[in-house]
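Enquirer: First, the structure itself, so that you have it in front of you.
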Ligand SMILES: NC(=O)c1ccc[n+]([C@@H]2O[C@H](COP(=O)([O-])OP(=O)(O)OC[C@H]3O[C@@H](n4cnc5c(N)ncnc54)[C@H](O)[C@@H]3O)[C@@H](O)[C@H]2O)c1
């Protein structure tokens, strides 16, 4: 019998890839989509008609307890991705992060208990580790709130941990390191680099020295599914990481080589995070996950090629306004 799964943040970057994968794997998918005035279903609109027909769309707001509970009707499995994710915007609007990321997760946890959900994945982020005390970063690394975004994700993780310990909830905290690929917002580093180079041959960027561990979105989606059906990791946290890191400067050179362009880099001060907020090196350890799950990982070069191909399609690129710097 097919599994009934609810995905929050389903219309976002990672969510839309997970929805497509689960449809392929014959899950019955309910997609929680952020209610808005425009009937906009985000990246789900780029799915084909046959895929869309199979999805049950539930409009709502993760901050609204009653609405979230209604979305859980006849659901066995839940993947919770809905969140505000931009770090710069979290400096300006921290309360909205508390409401969406903390209260939103509380609503998901409560609904999971009330509706006796069989298995829940709560999405964390490598940003919760802050600047590395030791490399590679494993799940025992200290958690540090270096931005309001990271702080709200730590709170959501700890709340989830407490529901597992206190109420025996079958949840896992899934902690992806930087994820990239088609459909990502150009607030994120790889789309920013690709779209600026494709449009202008020059590049305005923040800090060049931080290092990040990049993971291709389709591999991340596959890993989520494997964790969802695993009987292990109950009440635990687990990294999704490549185990490698690259500096932003080297990443720019790698992308410009793939695009065969010589580019000028201009440092844009407005994009530089406050000194103590910047996280210098996020390089994860995937040992824990690798012991439990065999997950496919394509190389950064391979993933960048796929991402560049997607952005080279004019229909896709048109959605990205590279002249504006958006938080
Ligand atoms: N992209 C990455 O590199 C990365 C890395 C680690 C963790 N994550 C986590 O993965 C998850 C998905 O991130 P993403 O990169 O796909 O970002 P995204 O911004 O594309 O997706 C976030 C989703 O949350 C939804 N959302 C926001 N506020 C909501 C509300 N009030 N009610 C209902 N829905 C709401 C948005 O509509 C969107 O669909 C997030 O929890 C994020 O913290 C992302």
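Every number in this text was worked out from the coordinates using simple rules, so none of it is lab data. None of the values given here were measured: they were computed from a predicted structure. Backbone-built Cβ (ideal geometry, glycine too); neighbour counts: all protein chains shown.
Enquirer: Note the full-extension length gain between residue 314 and residue 61 as 0.36 nm times their separation in residues minus their Cα-Cα distance, in nm to one decimal.
Expert: 87.9 nm
Enquirer: Sticking with this structure for a sec: Going by how many other Cβ atoms sit within 10 Å of their own, how do 158, 244, 53 line up, fewest first? Present the calculation step by step, with values, prior to reporting the outcome.
Expert: Working: 158 15, 244 18, 53 8.
Going from least to most buried by this count: 53, 158, 244.
Enquirer: Rounded, prolate or oblate: which fits the range 258-327, taking a ≥ b ≥ c as square roots of the Cα gyration tensor eigenvalues, rounded meaning a/c under 1.5, else prolate when a/b beats b/c? Before the final figure, lay out the partial values.
Expert: Values: a/c = 2.22, a/b = 1.24, b/c = 1.79.
Oblate.
Enquirer: So how tilted is helix 248-258 from the main axis of the chain? Cα-based, degrees 0 to 90, rounded to 10.
Expert: Compared with the principal axis, the helix lies near 80 degrees.
Enquirer: Now for a different question. Distance between Cα centroids, the range 234-273 to the range 113-154: provide it in whole Å.
Expert: Cα centroid to Cα centroid, the span is 21 Å.
Enquirer: Between residue 139 and residue 1, what is the label-point separation in nm under the 7 Å Cα-to-beta-carbon projection?
Expert: So the two model labels end up 3.0 nm from each other.
Enquirer: For the range 81-145, what class follows from the C-alpha gyration tensor (a ≥ b ≥ c being the square roots of its eigenvalues): rounded when a/c is under 1.5, otherwise prolate if a/b is larger than b/c, else oblate?
Expert: In terms of gyration-tensor shape, oblate.
Enquirer: For the chain, what is the calculated [θ] at 222 nm in deg cm²/dmol (nearest 500), taking -39500 (n - 2.57) for each run of four or more DSSP H residues and dividing by its residue count?
Expert: Working: 13 runs with 125 residues, N = 327.
Here the helix-only value at 222 nm equals -11000 deg cm²/dmol.
Enquirer: Counting alpha carbon pairs within less than 8 Å and at least 6 residues apart, what relative contact order, in whole percent, applies to the chain? If you can, show how the numbers build up before the last one.
Expert: On the way: 609 pairs, mean separation 58.2, N = 327.
In percent, rounded to a whole number, it is 18.
Enquirer: May I ask you to derive the relative contact order of the range 193-327, considering only C-alpha pairs under 8 Å and at least 6 residues apart, and to give it as an integer percent?
Expert: Numbers: 152 pairs, mean separation 54.9, N = 135.
Contact order relative to length: 41 percent.
Enquirer: Here's another thing I want to ask about it. Please work out, to two decimal places, the log10 of the ratio I(q)/I(0) at q = 0.20 Å⁻¹ from a Debye calculation in which every Cα of the range 187-327 carries one identical scatterer.
Expert: Values, matching the q order: -1.24.
Enquirer: Full extension from residue 188 to residue 51: what is 0.36 nm times the residue separation minus their Cα-Cα distance, to one decimal in nm?
Expert: Working: separation 137, 0.36 × 137 = 49.32 nm, distance 2.72 nm.
Separation in residues times 0.36 nm, less the Cα-Cα distance, equals 46.6 nm.
Enquirer: Could you list log10 I(q)/I(0) for the range 66-108 at q = 0.16, 0.23 Å⁻¹, which the Debye formula gives when each Cα is one point scatterer?
Expert: The Cα Debye sum returns log10 ratios of -0.49, -0.79.
Enquirer: For residue 267, put the label point 7 Å out on the Cα→Cβ axis and report which residues of the range 199-237 keep their amide N under 17 Å from it.
Expert: Of the residues in the range 199-237, 203-211 have backbone N under 17 Å from the label point off residue 267.
Enquirer: Helix 13-24 sits at what angle to the longest principal axis of the chain, using alpha carbons and giving 0 to 90 degrees rounded to 10?
Expert: On a 0 to 90 degree scale, this one is about 50.
Enquirer: Full-extension gain between residue 96 and residue 159, please, as 0.36 nm times their residue separation minus the C-alpha to C-alpha distance. If you can, show how the numbers build up before the last one.
Expert: Working: separation 63, 0.36 × 63 = 22.68 nm, distance 1.78 nm.
Full extension from residue 96 to residue 159 adds 20.9 nm.
Enquirer: Can you pull the percent of Cα pairs in the chain with separation above 34 Å? List each step's numbers first, then the result.
Expert: Details: 10276 of 53301 pairs.
The calculated P(r) of the chain puts 19 percent of pairs beyond 34 Å.
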